[in-house]
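The values are calculated or read from the model by the stated rules, or taken from the named source; none is laboratory data. Nothing here was measured: the structure is a model prediction, and the numbers come from that model. Using ideal geometry, Cβ is built from the backbone for each residue, glycine included, and neighbour counts are taken over all protein chains shown.
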């Protein structure tokens, strides 16, 4: 099923697009579902569901290893999905795309295969103050192992990175910069092109976590000029358990395998193993074939949309949501970045975010509450958690209105 053709000139056809997502039509606790947890995971269009169903019904077989018809067809679909990811990210070749379980595994792959052999005692890795735990913990583990130091690029009270401070922290000890493209806790869109430019002036490689950026921004790794870029399929309207790492070909070629096993080898004897060329070198074992095919279908769906129209609509919707939320007495936004994508975090005076989320659920409104796997962000703002409404192009003003009504009901319930 193809999505509605989206024009940057005509009104955004949100009602038509919503019909492509079966889950959005259901009720929760007797109320129409208002799904505002897209930063947690996005919903799946019928095209993705059909792609998964078609694979399992018609050509389920292992890839690359068989000469029979099902295996050949499965391999064709799997590698076609790799080509779609390459195109989506603006890569020069599908050989630059490694399938992984998600952005988290992609970061760990880079940590173990690229950084670990190049990291020594006294060296440094830089991350930003707004990173998801998946772009903190792997580097902490590696620094502990190697006697290196993890340094942090500071941010200001609005949730924007301090680029001048970042420039001053870069040094000849820095072995990698890891930075999120869009913050999952604040919605901040970081100036990754400038971050990369400053690092490359000192010949420092940069990894960009694009898990939250992929659903909202047009991506081009050539324009960003980074060295590694990771995405998660389930954030970009595809299945869970699948993602992709893009890497510069010369870096992938120089990297050791992340895991050993079948598929990632050229030949094996008891005396020696010769490894396959990238990306196969990093895809040990039977891959998530269906997940990759589903991710390819999701990217087909997404790229059929006009990203200028999508970005404009999402920006307008976020502005509307912020204006309406600020009309609620006692509500405080957490983070007011210069540029925002998809995420609005807030607290309500006198209420724990978990209580907010529980009451909203009874009203059919799904949001995320907690620290969002970004505890250092919560610590910076002096709070234990936030309520987070995260948007996608299939959300509407009416759903924002439902969120506001539910929040006011929550306040009334707790007599605030």
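Annotations for the structure displayed:
- Selection from segment 369-387 of residues that are buried (at least 20 other Cβ atoms within 10 Å of the Cβ), under 16 Å from the mean Cα position of the chain (by Cα) and either on the phi > 0 side of the Ramachandran plot or modelled with pLDDT of 95 or more (or both): 372
Per-residue answers, yes or no, for (1) in a loop (DSSP other than H, G, I, E, B); (2) under 27 Å from residue 207 (Cβ atoms):
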| position | (1), (2) |
| --- | --- |
| 258 | yes, yes |
| 262 | yes, no |
| 274 | no, no |
| 281 | no, yes |
| 284 | yes, yes |
| 298 | no, yes |
| 309 | no, no |
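- Once segment 20-73 is narrowed to residues that are within 22 Å of the chain's Cα centre (by Cα) and assigned to a helix (DSSP H, G or I), the residue that is surrounded by the fewest Cβ atoms within 10 Å (Cβ to Cβ) is 23.
- Screening residue 215 with (1) buried (at least 24 other Cβ atoms within 10 Å of the Cβ); (2) touching a strand residue (DSSP E or B) at 6+ places or on another chain (Cβ under 6 Å) gives one miss only, at (2).
- When residues of segment 218-238 are limited to those that are out of contact with any strand residue (DSSP E or B) (no Cβ under 7 Å at 6 or more places or on another chain) and either closer than 14 Å to residue 302 by Cβ or at pLDDT below 95 (or both), the one surrounded by the most Cβ atoms within 10 Å (Cβ to Cβ): 238
- Taking (1) in contact with a strand residue (DSSP E or B) (Cβ under 9 Å, 6 or more places away or on another chain); (2) at pLDDT 95 or above; (3) not assigned by TED's automatic domain parsing to the domain that holds residue 231 in turn, residue 288 satisfies each apart from (3).
- One residue from 137, 110 being under 24 Å from the mean Cα position of the chain (by Cα) and crowded, with 23+ Cβ neighbours inside 10 Å: 110
- Qualifying residue in segment 133-143 (condition: in a strand (DSSP E or B) and either touching a helix residue (DSSP H, G or I) at 6+ places or on another chain (Cβ under 6 Å) or farther than 15 Å from residue 202 by Cα (or both)): no
- Qualifying residue in segment 117-127 (condition: within 17 Å of the chain's Cα centre (by Cα) and in the same structural domain as residue 232 (by TED's automatic domain parsing)): yes
- Qualifying residue in segment 92-99 (condition: modelled with pLDDT of 95 or more, assigned to a helix (DSSP H, G or I), surrounded by fewer than 22 Cβ atoms within 10 Å (Cβ to Cβ) and assigned by TED's automatic domain parsing to the domain that holds residue 295): yes
- Index of the failed condition, residue 323 passing every other in (1) within 20 Å of residue 39 (Cα to Cα); (2) in a helix (DSSP H, G or I); (3) out of contact with any helix residue (DSSP H, G or I) (no Cβ under 9 Å at 6 or more places or on another chain): (1)
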